[in-house]
1. For the stretch 77-94, which positions are within 14 Å of the ligand (Cβ to nearest atom) and over 13 Å from HIS139 (Cβ atoms)?
2. Any residue in the stretch 122-134 that is part of a helix (DSSP H, G or I) sitting within a Cβ distance under 9 Å of a residue that is charged (D, E, K, R)? List the pairs, counting only those 6 or more apart or interchain.
3. What residue, among those in the stretch 24-49 that are surrounded by fewer than 19 Cβ atoms within 10 Å (Cβ to Cβ) and in contact with a strand residue (DSSP E or B) (Cβ under 7 Å, 6 or more places away or on another chain), is modelled with the lowest pLDDT?
4. When the residues of the stretch 46-95 are narrowed to those that are in contact with a Leu (Cβ under 9 Å, 6 or more places away or on another chain), of a type outside the set (D, E, K, R) and assigned to a helix (DSSP H, G or I), which ends up farthest from LEU128 (Cα to Cα)?
5. Let me spell it out: the conditions are (1) closer than 20 Å to LEU212 by Cα; (2) assigned to a loop (DSSP other than H, G, I, E, B); (3) within 17 Å of the chain's Cα centre (by Cα), and PRO114 meets all of them except one. Which number is the exception?
6. Quick one: what pairs do we get from the stretch 176-201, first residue modelled with pLDDT under 95, second part of a loop (DSSP other than H, G, I, E, B) and more than 14 Å from the ligand (Cβ to nearest atom), C-beta under 8 Å, 6+ apart or different chains?
Amino acid sequence: MARVYDYPELLIPHPTPENFRQLWKNKNANCPAPSGKVHLEIGCGSGRNLIELALANPQDSFIGLELRYKRLVLAAKKIERQNIQNILLMRERGQFIDEYLPHKSMDCMHINFPDPWSKKARRKHRILSAEFLSKMHPHFRSKGELRFKTDHLEYFETVTDILQDLKTYTIIEHTTDLHRSEYNENNILTEFEMLFKSKENPPIGFLRAEVL
Ligand SMILES: C[S@@+](CC[C@H](N)C(=O)[O-])C[C@H]1O[C@@H](n2cnc3c(N)ncnc32)[C@H](O)[C@@H]1O
């Protein structure tokens with residue numbers, strides 16, 4: 001737990017909109033080209049996807065949200081070791097991110113293998129709901145996009161239906177078997193995805209939706 005305080009410029013263990021804004025401003029001031037895209041990953045785990053994206057897109061800026069301290073510290077360690085400057089981590093629930101980000105401030109929201117809350121009575125805890133997607137809509141910039149992956153195909157189909165009903169997002173890419181699809185070429189394996197692949201290798205749903 002103490003380790004979460006070891007990365008004051010990189011990891012915010014107890015965020016408020018104020019301390020987030022200050023650190024985000026500092027981070028972007030240090031970035032070589034802060035005019036790039038802003039990405040948010042909710043439930044970034046120990047950061048594999050975020051790090052790969054940040055290395056491949058040094059002109060862009062990345063915010064990673066995660067609830068588990070241990071995973072945040074693992075991510076921070078890797079980011080510091082590789083001297084990556086364009087990532088900021090926060091211990092925060094994705095459901096509250098609208099309190100931190102101004103309207104029209106985000107280009108891409110990544111949600112990979114979120115907790116599926118499989119039991120019917122618990123589905124209200126899912127991060128991807130009609131309510132959350134509507135709440136986040138004004139926070140996207142024009143041509144913003146949502147990228148979502150899961151091995152839980154019922155959750156995947158439910159989110160697909162929600163996006164179609166909302167009419168404020170349009171699905172551009174969609175597959176229920178990512179690893180055997182045309183989209184696999186550009187896919188970055190997350191930690192959970194690597195684990196799945198090495199075990200039962202279930203089909204994975206992937207979608208990319210543009211914000212209208
Ligand atoms: C199944 S793991 C997937 C981790 C990572 N995305 C991957 O694919 O390897 C889900 C992660 O989301 C985090 N999480 C769960 N609910 C969250 C929430 N409401 N906001 C942010 N993170 C959350 C969990 O702590 C966990 O690390």
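1. Let us first name the residues in the stretch 77-94 that are within 14 Å of the ligand (Cβ to nearest atom), namely 78, 89-94.
Once the filter is applied, which keeps residues that are within 14 Å of the ligand (Cβ to nearest atom) and over 13 Å from HIS139 (Cβ atoms), the stretch 77-94 yields LYS78, LEU89, MET90, ARG91, GLU92, ARG93.
2. Qualifying pairs under 9 Å: HIS125/ASP115; ALA130/ASP165; PHE132/ASP98; PHE132/ARG126.
3. If we take residues in the stretch 24-49 being surrounded by fewer than 19 Cβ atoms within 10 Å (Cβ to Cβ) and in contact with a strand residue (DSSP E or B) (Cβ under 7 Å, 6 or more places away or on another chain), then PRO34 is modelled with the lowest pLDDT.
4. ILE79
5. (1)
6. none
The values are calculated or read from the model by the stated rules, or taken from the named source; none is laboratory data. Just so it is clear, the model here is predicted, and its values are computed rather than measured. Note: ideal-geometry Cβ built from the backbone for every residue, glycine included; neighbour counts use all protein chains shown.
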